[in-house]
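The values are calculated or read from the model by the stated rules, or taken from the named source; none is laboratory data. All values reported here derive from a predicted model rather than from experimental measurement. Please note: Cβ atoms are built from the backbone with ideal geometry, for glycine as well, and neighbour counts cover all protein chains shown.
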């Protein structure tokens, strides 16, 4: 038997934010079993942790969606940081992920019930841009007319700060609320513009100078919609920082249409016009604890 946690990430209360399964001690599990567990939990991601080789050393970690392993994702790193803080580790932590070491500052908040905390993830790197899909294709993937896609700030772009997303701005919140994934159109778009996440699409609307509301659809990866997507948030803040030509901190609301409101804070630092460092921050609360028979 093996312990697990379910945390609601990017939320300050249970039944909000993005649920995450955490296996605190994955010793003895092979990749096939981890993938099977991720399918069984059927959440957007499951994170597996191993004990550090030495006290205070990097904590090895792997992240799986229901369909595949991914090298980095936002809400699993924030959630893992809070889970480790609740276990008495930190506040300064390092996760050893396939993308390399990821620094986390995390702390528990015992005043908030059954288990809660806050974590901030920091990563160096650079924004990568892979494709520029046309607005009509992005709109068709979510059953919207092409004119709802805004191209004045930037055209639709597939960009990554760890994971690739097709990022597009929409005209208003009504268009964002009306979006519905069309799996056939996603398959056609993925065939034309292949990526590690099967044309995962991140749509946003500006709600303030440094605030947006967003939705993310990845039906080909078993995620019809995600209530909070940290890896897309960091790609967006890096993209907008480069577009605006300044350091940027962005407040992102997501999951509203799903009834799982989430709040993400993402920041990007520019060096010679490039976003070379990001931070991702949010709360997380324990929703459930249990054991699995593996």
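For the range 108-167, residues that are in a loop (DSSP other than H, G, I, E, B), more than 18 Å from residue 245 (Cα to Cα) and assigned by TED's automatic domain parsing to the domain that holds residue 214 total 10.
The residue that is surrounded by the fewest Cβ atoms within 10 Å (Cβ to Cβ), among those in the range 43-59 that are within 20 Å of residue 226 (Cβ to Cβ) and without any contact (Cβ under 8 Å) to a residue 60 or more places away in the chain, is 43. Would it be correct to say that residue 232 is under 22 Å from residue 71 (Cβ atoms) and in contact with a strand residue (DSSP E or B) (Cβ under 7 Å, 6 or more places away or on another chain)? Criteria met by residue 232. The residue of the range 268-294 that is farthest from residue 213 (Cα to Cα), among those that are modelled with pLDDT under 95 and crowded, with 22+ Cβ neighbours inside 10 Å, is 275. Filtered by the rule that a residue be touching a helix residue (DSSP H, G or I) at 6+ places or on another chain (Cβ under 9 Å) and under 16 Å from residue 205 (Cβ atoms), the range 150-164 gives 150, 151, 153, 154, 156. Do you know which residues across the range 60-92 are more than 24 Å from residue 160 (Cα to Cα) and either outside any helix (DSSP H, G or I) or in contact with a helix residue (DSSP H, G or I) (Cβ under 9 Å, 6 or more places away or on another chain) (or both)? Matches in the range 60-92: 87, 88, 89, 90, 91, 92. With respect to residue 16, is the statement that it is crowded, with 18+ Cβ neighbours inside 10 Å, in a loop (DSSP other than H, G, I, E, B) and touching a strand residue (DSSP E or B) at 6+ places or on another chain (Cβ under 7 Å) true? Taking the combined requirement at face value, the residue satisfies it. Count of the range 38-57 residues, restricted to those that are touching a strand residue (DSSP E or B) at 6+ places or on another chain (Cβ under 6 Å) and within 30 Å of residue 217 (Cβ to Cβ), is 9.
Residue 265 meets the conditions (1) surrounded by fewer than 24 Cβ atoms within 10 Å (Cβ to Cβ); (2) assigned to a strand (DSSP E or B); (3) touching a residue at least 24 places away in the same chain (Cβ under 8 Å) in every case but one. The failed one is (3).
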